[in-house]
Amino acid sequence: QVQLVESGGGLVQPGGSLQLSCVASGSVFGGNTMGWYRQASGKEREFVDHVTNNGRTTYGDSVRGRFTISRDYVKNTVTLQMNSAKGEETAVYYCNFRDDQNYWGQGTQVTVSS
């Protein structure tokens, strides 16, 4: 089992920056990816980005060049740096850990608004 706890959500102005963090605990070893998804009200959950246990990153088309994901393999944390935030990116952001199973955090609200 893997437990995920997110932090760092809140209010950010359009064009601003915000950082989200996620700590994983439990059976965090072996081949896996950690990353982020988001779900806006009334919409399906959307892939944001992820990083593998060997450092390979993948970004969704809408965030590439503005968001950066990083991972601390000692602390088992993943951080999402959001830059140039857009209003349509208001959503609940979920941390995800995937090995042969799929684990989710409880989610953290990000609101992009002036």
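For the reader, a short list of remarks on this structure follows.
- With the biggest extent put first, the Cα atoms of segment 1-61 measure 38, 24, 24 Å across the principal axes.
- Residues whose amide H comes within less than 5 Å of that of Gly107, counting only those at least five positions distant or on another chain, are Glu6, Cys95 (H built at 1.01 Å from N in the peptide plane).
- Sparse packing (at most 14 other Cβ atoms within 10 Å of the Cβ) combined with a DSSP loop state is found for the following GluC sites (Glu not before Pro) in segment 1-63: Glu44.
- Directionally averaged shadow of the chain, computed from the convex hull of its alpha-carbon atoms, nm²: 6.6 nm²
Bear in mind that the values in this text are calculations on the coordinates, not laboratory data. Source: prediction; values computed, not measured. So basically every Cβ, Gly included, is an ideal-geometry build from the backbone, and we count neighbours across all protein chains shown.
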